[in-house]
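For reference, the structure discussed in these notes is given below.
The values are calculated or read from the model by the stated rules, or taken from the named source; none is laboratory data. All figures in this text were calculated on a predicted structure; none of them were measured in a lab. Heads up, the Cβs are rebuilt from the backbone with ideal geometry, glycines too, and the neighbour counts pull from every protein chain shown. Please note that ligands, DNA and RNA were not included when accessible areas were found on the heavy atoms of the full protein model with its side chains. Shrake-Rupley method; radii C 1.70, N 1.55, O 1.52, S 1.80 Å.
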Amino acid sequence: MLTDRHALITGAGSGIGAAVALALAQQGCRLSLAGRSLDKLQQQAERLRTQVPDVAVLLTPMDVSDPHSVQAAVQHAQAQLGPIHILVNNAGQAHSQPFARTDAALWQQMLNVNLSGTFHVTQAVLPAMLDAAASGTPGRIVNVASTAGLMGYAYVSAYVAAKHGVVGLTRALALELARKNITVNALCPGYTETDIVQDAVRNIVAKTGQSETQARQALAARNPQQRLVQPEEVAQSVVWLCAAGSSAINGQAIAIDGGEQAG
């Protein structure tokens, strides 16, 4: 159990973030739910209170690409629920475009949300996490990257570059913090049943004329198990990385992809 740990989850309003919030609530964590949509966060908080009635939930709207927004949200979260012991950097966006038509605005947007967002939130959380870790409560940082952080995918070059950056940042920070009672790891899911995949399906349908079923099958076909990863599977990996018995797991980029990386 992770009783009385304070966990901050970005992108917590849906998909992987929502599944992580539930899994950590079931482990006894106090939760700060971060995201851009207050409505989504409120809906998620209501679901959590139904599923885990005694959970402590704080809504912390933030734009991870804006360092001022991040600092204000983290300060509010820590004033209400104490130092953050678990950080799950899950917020992300993916937009597809051939490289030749990837303009500077799209490139920067993918970097701002997927990579700089991870940097901003981690930097805001780290001082209090270090103090808590020095006092005996271990810190855990889990960056939700993607298999796109481990390999290339066509037509999403900006997203791939950003997620490779997240994996690199994970490894560098893990070494810096290795002696400070904090671990830093990345989870790299393949195509997962989230809003990002729904957007990808719509894009495939629009550009190829395939049916929605065909488009989903095409994405699932990359997974040797011939299916989409479920958010709950990623959430269980977060819980494992945060557990006391996983303190030697540090600086890793762990694929959750049904074996795609093994091929």
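Worth pointing out:
- Taken as a whole, the condition of being charged (D, E, K, R), within 24 Å of ASP257 (Cα to Cα) and surrounded by fewer than 20 Cβ atoms within 10 Å (Cβ to Cβ) does not apply to ARG179.
- Condition check for ILE256: within 28 Å of THR3 (Cβ to Cβ), crowded, with 20+ Cβ neighbours inside 10 Å and touching a Cys at 6+ places or on another chain (Cβ under 8 Å): yes
- Helices (runs of 4 or more DSSP H) within region 64-151 that include 1 or more residues of a type in the set (Gly, Ala, Ser) and surrounded by 17 or more Cβ atoms within 10 Å (Cβ to Cβ): 67-81, 117-134
- Region 214-248 - residue that is farther than 20 Å from LYS163 by Cα and assigned to a loop (DSSP other than H, G, I, E, B) and, of those, least open to solvent (accessible area, probe 1.4 Å): ALA243
- Residue in region 51-60 that is open to solvent by 30 Å² or more (accessible area, probe 1.4 Å), on the phi < 0 side of the Ramachandran plot and part of a helix (DSSP H, G or I) present: yes
- Taken over region 190-202, residues that are open to solvent by less than 50 Å² (accessible area, probe 1.4 Å) and either part of a helix (DSSP H, G or I) or of a type in the set (A, V, I, L, M, F, W, C) (or both) amount to 3.
- Test: residue in region 156-164 that is at pLDDT 90 or above, surrounded by 15 or more Cβ atoms within 10 Å (Cβ to Cβ), small (Gly, Ala, Ser) and out of contact with any helix residue (DSSP H, G or I) (no Cβ under 6 Å at 6 or more places or on another chain): yes
- Tally of residues being among the aliphatic types (A, V, I, L, M) and under 19 Å from the mean Cα position of the chain (by Cα) across region 219-263: 13
- The residues of region 170-184 that are aliphatic (A, V, I, L, M) and either under 21 Å from ILE16 (Cα atoms) or not in a helix (DSSP H, G or I) (or both), listed by number, are ALA178, ILE182, VAL184.
- Listed by first and then second residue, the pairs with beta-carbon distance under 6 Å, at least 6 apart or on different chains, first residue in region 151-178 and without any contact (Cβ under 8 Å) to a residue 12 or more places away in the chain, second open to solvent by less than 30 Å² (accessible area, probe 1.4 Å) and β-branched (Val, Ile, Thr), are GLY152/VAL160; TYR153/VAL160.
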